[in-house]
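**Q** Mind looking over this structure? Questions follow.
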């Protein structure tokens, strides 16, 4: 098992950046994440997304809005594994957006150790909660959700929320990533003296939603 330890040392990090010594960079900061979720809560975006979500649970022990926010937080940090959820919650900005009634951080003034206290949404835990919801809850709810219903929810109801927010352009398109790359086409004309091929430039990751 690999053990990864983080230490807050901003001067050292800046020096390493200047020397070009870094393996990867995460673009989602805790402040930006907090503002992102505050916007979603303030505009009731999360409530509208939850309204039509195809939940497989008749009586959820954790509200669906917490599930969606947890999924969004994982994606903001480029994570797909639910085992990384406790680390993402501690390091990210979702906790600050949720407010102290759901979760709050406390730093010991002497040791500097960070602790996360969570109220939870039910009384099923036997030990103090370390996260707003359990990573196993996220995994099981994602596993039990019907893929076809999830796709319909995204293509219909989520797209409607995008439209209300003005996320589409004048042509009714929503572009998440306009990166392009040069890819060869499958058309290859073989001739007696050799072969000739054509290439074209196409979007590599472009998400479109029609109104």
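The values are calculated or read from the model by the stated rules, or taken from the named source; none is laboratory data. Small disclaimer: the values here were computed from a predicted structure and weren't measured. Every residue, glycine among them, receives a Cβ derived from its backbone with ideal geometry; neighbour counts consider all protein chains shown.
**Q** Give the residues of the stretch 105-142 that are crowded, with 17+ Cβ neighbours inside 10 Å and touching a strand residue (DSSP E or B) at 6+ places or on another chain (Cβ under 7 Å), sorted by residue number.
**A** If the condition is that a residue be crowded, with 17+ Cβ neighbours inside 10 Å and touching a strand residue (DSSP E or B) at 6+ places or on another chain (Cβ under 7 Å), then 116, 118, 131, 132 are the ones that fit.
**Q** Sticking with this one: Output the residue which, of all residues in the stretch 41-52 that are touching a residue at least 12 places away in the same chain (Cβ under 8 Å) and assigned to a helix (DSSP H, G or I), is nearest to residue 93 (Cα to Cα).
**A** Only one residue fits best here, namely 41.
**Q** Exactly one condition in (1) outside any helix (DSSP H, G or I); (2) modelled with pLDDT of 90 or more; (3) more than 21 Å from residue 62 (Cβ to Cβ) is not met by residue 132; state its number.
**A** Among (1) outside any helix (DSSP H, G or I); (2) modelled with pLDDT of 90 or more; (3) more than 21 Å from residue 62 (Cβ to Cβ), the lone unmet condition for residue 132 is (3).
**Q** Could you identify the single residue in 64, 87, 116, 68 that is touching a helix residue (DSSP H, G or I) at 6+ places or on another chain (Cβ under 8 Å), free of Cβ contacts under 8 Å to residues at least 40 places away in the same chain and closer than 22 Å to residue 7 by Cβ?
**A** Step by step, each of 64, 87, 116, 68 is checked, and only 116 is touching a helix residue (DSSP H, G or I) at 6+ places or on another chain (Cβ under 8 Å), free of Cβ contacts under 8 Å to residues at least 40 places away in the same chain and closer than 22 Å to residue 7 by Cβ.
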